[in-house]
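Inspection log for the structure reproduced underneath, given as structure tokens.
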Amino acid sequence: MNQFQYTRVTTPKAAVSAISTGNGSYFLAGGTNLIDLMKREVVVPERLIDINKLPLATIEKTATGLRIGAMAKNSAVAESELVKKYVPLLTMALNAGASAQLRNMATVGGNMMQRTRCAYFYDTAMPCNKRSPVQAGADKGQTNGPVGCGAIGGINRMHAIFGASTKCIAVHPSDMCIALAALDATVNVSGPKGDRTIPFGDFHRLPGDTPQKDNTLLPGELIMSVDIPTNKFADHSHYLKVRDRASYAFALVSVGVAVDMKRDTIQDIRLAMGGVAHKPWRLIEAEQFLRGKSATEANFKQAAMLAMNGAKGYGENDFKLTLAPNSIIDALKTATKTA
Amino acid sequence: MTKDTKNPPIDRVDGRLKVTGGANYFADFELPNMAYCVLVGSEVGRGTITSLDTKKAQGAPGVLGVFTHQNMPPIPGWDAPVGGEADGPAPKPKREETYRILSSPKILFDGQPIAIVVADSFERATYAASLVKATYNKQAARTELEKHLSEGVAPKGADGGNYLRGKADAYQSAPVRLEANYTIPIEVHNPMELHGILAHWTASDKLMIYAKTQGVNATQQAMAQAFKLDPKNIHVHTEFMGGGFGMGLRTWPQETAVVAVARKIGRPLKLVVTRSQMFTLVGHRPYTVQTINMGADTNGKLVGLAHAATAETASYEDFTEATVNMTKFMYDCPNVSTRYRIVRLDRSVPIWMRGPGEATGAFALESAMDEMAHKLNLDPIEFRLRNYTETDPEHNRPYSSKNLKEAYQRGADAIGWSNRKNEPGSQREGDWLIGYGMSTGVFSAFRWEASARALLKADSSLTIQSAVTDIGPGTGTALTIIAHNVLGVPLNQIKVEYGDTSLPKAPTQGGSAIVSAVGSAVFDACTAVKKQLTELAIKEGGSLAGRQADELIIADGVLSVEKEPRKKVALSELMRANNLTVIDKSADSKGGSEQSKYSMYSFSVHFVQVRVNPLTGVVRVSKAVSVADSGRIVSPKTAASQMIGGVAGGIGMALTEEASIDHRFGRFVNNNLGDYHVAVHADVPAIETIMIDKPDPIINPMGAKGMGEIALIGFAGAVANAVFNATGQRVRDLPITPDKLLRKLT
Ligand SMILES: Cc1cc2nc3c(=O)[nH]c(=O)nc-3n(C[C@H](O)[C@H](O)[C@H](O)COP(=O)(O)OP(=O)(O)OC[C@H]3O[C@@H](n4cnc5c(N)ncnc54)[C@H](O)[C@@H]3O)c2cc1C
């Protein structure tokens, strides 16, 4: 690990101004991802700006839904009575992630910003375009090791089947973000040029030719909070995470389902998948298909088929072409079960 | 002889130390003026270092030295072959490679140390290590066993890797036949405690070592050879070990290198390897490909059996294990052949891992038994019973004891085997398929040479000493119980000292042999103490004068006449009366001629119930029952813990554990505990352990056989068999991950 400067800030304003002075500065939240990346020299910051003292950990009810502060710990969000009552899908997704110890440290903002778990990204002896982008002018700390995509033609069991590029087939690893994507959350950020709100679906991005960019946050911007609009999904939510062991493993495929049911009919529905793309993958076509339909296995199968449009395997991850639709069906069955 | 009674389930004697931080593991030791070192690993799997830049590292804060093949201090004993070779020197290596750490620019495996960076703190050494930069003349690393199966060589040994009883191809003419291939991936021991060593030259020819070794005497011997020292001048201490599972069964080259560098810098030097180095520097269970050919008649009687295994080893050292052995003697079959080969790859050398060889072989054999039972439409237990053997068909001699039939029965009752349906895929609970599976495990019951000392003090407290390391199974607890049984000293007045070369010599802890070996020595030493006590009591003028030795019993610190309990004398009183402050007896113990008259094995049977999600291919072990037939159980509580630990490891082996290599680079992609999946709590159901607990009349005075290995051996097969029962799909490549099962289910 290189030597770096360390600054602690107590206001969002100070955080934003601190990060904007000089390159190679990173916010430090729970540190559960950033510190690992520093130890592996995947990221080599010159300066850490510790934002743990920012007053951004509140979870509150607003006129339009829930607002969750960026510094709220993953465990605190999962345990929040408000969250459990109004957006249980978020609790389920959070509890499916990492381990209790990690969730106690991890924050909402950090979880959104966590980097991919692709092994080639983590190993500076192996090629990775995300870690070592070809373009000049990228972050100084991101030019470690050979370029290329090691995962294409390599060990890619965990990798994307949607929206990947010839430069990168990594997936975004977060569980929490699948729930937030499904629930139409918005992200409130504050930056050198002021505040703005980003729809969750636009927050993360596909790799294209610039896989070094995971999201659309601009330099110097700080995530302040996440808003989740009021919904009618609380009674029929399910987060299915298929993984290699029962806990403490990233998703092979995960599915977040939130349904508004009237008897057997699906009034409204939200569907998102994890472990399949560089961003949380919303299943808009499947949602449209299911709206107004009855909750039958035949309909679920049809929806799952629609959801798989454009899917492409890369060898070891071909099984996801089966696992993904099956998981959609399984999750829909569970979510639409009437108590 | 001790009375033939079951032993008390006492708590682990060192439990409190362990949970309060009072137990010192090698890395806990801090010495004045101690320095720290970090290993820099090669980033290529085969090739030659063309340049090595250590300037920056040398100039980094706190750095005391950077050692590479260019300036490594010599290791005097390394002109001769290095100690610890798994099975003796190779017969005729096809490729003449030797691996002498930091002696040449040649790279033989990914992660091979190319520099040792020494600094005044671990953090500074770590930072400086990151500044060492190498360039390589890279060659393609041959790391994929499947691509090199034809290059298998026969290992050294009496049978040259081949065994034959009857006709080799008898299975071919049997009415019911099975041919199947089974694969197990690289598994890494991954105990919680990282490997390493702390070396301290206390004089120019005197060495103190704190190490992570399963045998302090073996480490002493290896270092004596490497540094041409009198073993007496080398003191090795390993009282506690945070899990070994086999990785500490030899002295690794980097340990020797640390000792050499410590001498050079003139300071105590500590190495703790990183988690990713645990994948390349301290061995692993070798990737192994197996083929079973089996033939049976329509009555379910085995006609012929052939088992072939090919495993990876390093280019520079042959590692072999007993992968195909179980097939030779497990079942009554007139025609059996086995074949074992190793392939030398550009990989670091494997080492035994819990249930070494047999765990790999049992997966294949016991899966095949299940497959054949299915073909015969027989219950898998019934099929095994039809081929049950009361004598060892390999050596044509009796077993010292075998209660496997009882084990089948009790395990079957406990899991609810009668709920199993022979028709696969026929049981459901909601959306989940339910299946039951079972498998047998077996491992040699050894009795190696060992020494121990017993010191009974006048306050009637007892100290037991032996150099043996306790790697966690509860050795101290078992030895306490054995001493208690012989001498009747209350359990809380017995102290066991172990894990240090200043104590009587003991074998390396491994092979499930310690209770048998060291336990026998303790038994003998305590028996000698008892003999002296008895003689003192019955001699003329003694408190029990005129009595015969065999009339007396010893319990609760009192020697008494069995039939007249009021005729008695306290041990402390007896010693005082004879002006003795201590009775000090040592014993060297080993087996005798019975070793060649009997076949000695511990047996286990594992039963599992699994739930399989047919849509996602997810498998969950929902019930597990493991039965041990390993003689008299000396320490019931720690023995049960052993079984539970074995099952947890078995679930990992069956469902989750695999170290994956990207063969294009010859490099691991999941060399950390986040991505290498050992089973976690959520994967492990409540485990029922059953001990047959019948003494073996032959093996040793306690009647105890080992049980560390059988806890794991066979378990993976039971899971694979249960998955088949649940789904009708057979996965022959471990681990059974959702992707593999899904490919078959859809
Ligand atoms: C072994 C392991 C297993 C895991 N398993 C899972 C899993 O199964 N599912 C899952 O979802 N996650 C998993 N995680 C990831 C975990 O969820 C993330 O590490 C965690 O959420 C990151 O949060 P943090 O607060 O610690 O972020 P940090 O590590 O502090 O920061 C991560 C990044 O976010 C940036 N950042 C932090 N806060 C802000 C902010 N407010 N505004 C702008 N930028 C910010 C930082 O600069 C940094 O670049 C696992 C992690 C580990 C180590």
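Kyte-Doolittle mean at least -1.0 and Cα extent at least 18 Å along the axis: which DSSP H helices of chain A qualify? Write out the running numbers ahead of the final one.
On the way: long enough: A:320-336 (23 Å, 0.38).
The answer, listed by residue number, is A:320-336.
Can you list the trypsin sites (Lys or Arg not before Pro) in segment B:101-133 that are in a DSSP coil and have 13 or fewer other beta carbons within 10 angstrom?
Passing both the DSSP loop test and the Cβ count: no residue.
Seen from A:Arg157, the other residues with C-beta closer than 13 Å to its C-beta sum to a net charge of -2, counting Lys and Arg as +1 and Asp and Glu as -1.
Nearest 500 deg cm²/dmol is fine: what mean residue ellipticity at 222 nm does the protein assembly as shown get from its DSSP H runs of n ≥ 4 alone, each adding -39,500 (n - 2.57), divided by its residue count?
Numbers: 29 runs with 269 residues, N = 1085.
-7000 deg cm²/dmol, from helical runs alone.
With the cut-off at under 18 Å, measuring from each backbone N in segment B:470-504 to a point 7 Å along the Cα-to-Cβ line of B:Ala555 picks out B:481-493. Computed 3J(HN,Hα) for segment B:603-618, one whole-Hz value per residue from the Karplus formula 6.51 cos²θ - 1.76 cosθ + 1.60 where θ = phi - 60°, is 10, 9, 10, 10, 10, 9, 10, 10, 10, 10, 8, x, 7, 10, x, 6, glycine and proline marked x. Which shape class, rounded, prolate or oblate, goes with segment B:99-219 when its Cα gyration tensor gives a ≥ b ≥ c as root eigenvalues, a/c under 1.5 marks rounded, and past that a/b bigger than b/c marks prolate? Prolate, since a/c reaches 1.5 and a/b exceeds b/c.
From the alpha carbon centroid of segment B:484-553 to that of segment B:201-260 is 30 Å. For segment B:363-373, backbone phi angles converted through the Karplus equation (6.51, -1.76, 1.60; θ = phi - 60°) give residue-by-residue couplings of 4, 6, 4, 6, 5, 5, 4, 5, 5, 5, 4 Hz, Gly and Pro being listed as x.
Here B:Lys55 is the anchor, and the lysines within straight C-alpha reach of less than 24 Å, apart from those fewer than 8 places off in the same chain, are A:Lys39, A:Lys140, B:Lys106, B:Lys133, B:Lys138, B:Lys264, B:Lys270.
For the pair B:Ser204 and B:Glu382, a Förster radius of 60 Å applied to the C-beta separation gives a FRET efficiency near 0.30, rounded to the nearest 0.05.
For segment B:327-416, the calculated P(r), taken from all Cα-Cα distances in 5 Å bins from zero up to the bin holding the longest distance, is 3, 10, 16, 21, 21, 13, 7, 5, 3, 0 percent. Spherically averaged projected area of the convex hull of Cα atoms, segment B:506-569: 5.3 nm².
Among the listed pairs B:Lys6/B:Lys563; B:Lys402/B:Lys705; B:Lys375/B:Lys623, a Cα-Cα separation exceeding 19 Å is found for B:Lys6/B:Lys563; B:Lys375/B:Lys623.
Using only alpha carbons, build the gyration tensor for segment B:448-590 and give me the equivalent ellipsoid semi-axes, biggest first, whole Å. Let's see the in-between values first.
Numbers: eigenvalues 169, 37, 32 Å².
That gives 29, 14, 13 Å for the three semi-axes.
Backbone amide hydrogens, once placed in the peptide plane, bring A:Val253 within less than 5 Å of A:Val242, excluding anything fewer than 5 places away on its chain.
Sum up the charges of everything whose Cβ sits under 15 Å from the Cβ of B:Pro32, counting Lys and Arg as +1 and Asp and Glu as -1, but leave B:Pro32 out.
Working: positive: B:Arg267, B:Lys270; negative: B:Glu30, B:Asp120.
That works out to 0.
Close amide H partners of B:Val343, meaning residues 5 or more places away or on another chain with modelled amide H under 5 Å apart, are B:Val153, B:Ala311, B:Glu312, B:Thr313. With the cut-off at 1.5 for a/c, could you classify the protein assembly as shown from its C-alpha gyration tensor as rounded, prolate or oblate? In terms of gyration-tensor shape, prolate. Peptide A:314-325 shows a mean partner chain C-beta count of 3 within 10 Å per residue C-beta. Using Cα pairs under 8 angstrom and six or more residues apart, how large is the relative contact order of chain A, in percent? Answer for chain A is 17 percent. Centroid-to-centroid, using Cα positions, segment B:449-465 and segment B:668-745 are 38 Å apart. Beyond 22 Å in Cα-Cα separation lie the following of the pairs A:Lys53/A:Lys130; B:Lys530/B:Lys590; A:Lys232/A:Lys333; B:Lys228/B:Lys505: A:Lys53/A:Lys130. Computed from phi, the 3J(HN,Hα) profile of segment A:235-246 under the Karplus parametrisation 6.51, -1.76, 1.60 (θ = phi - 60°) reads 7, 9, 10, 8, 10, 9, 10, 9, 8, 6, 9, 6 Hz, with x in place of Gly and Pro.
With the Cα gyration tensor of chain B giving a ≥ b ≥ c as the square roots of its eigenvalues, does the rule (a/c under 1.5 for rounded; else a/b larger than b/c for prolate; else oblate) give rounded, prolate or oblate?
Numbers: a/c = 1.85, a/b = 1.05, b/c = 1.75.
Oblate shape, in that a/c is at least 1.5 and b/c is the bigger or equal ratio.
If you take all other residues with their beta carbon under 11 Å from the beta carbon of B:Arg285, and give Lys and Arg +1 and Asp and Glu -1, the sum is -4.
In this structure, the amide hydrogen of B:Ala115, modeled 1.01 Å from its nitrogen in the peptide plane, lies closer than 5 angstrom to those of B:Val40, counting only residues at least 5 positions away or on a different chain.
We did not get these values from a lab; they are worked out from the coordinates using the rules stated. Model, not experiment: these values are computed from the prediction. Reconstructed Cβ throughout: ideal geometry from the backbone, glycine too, with neighbour counts over all protein chains shown.
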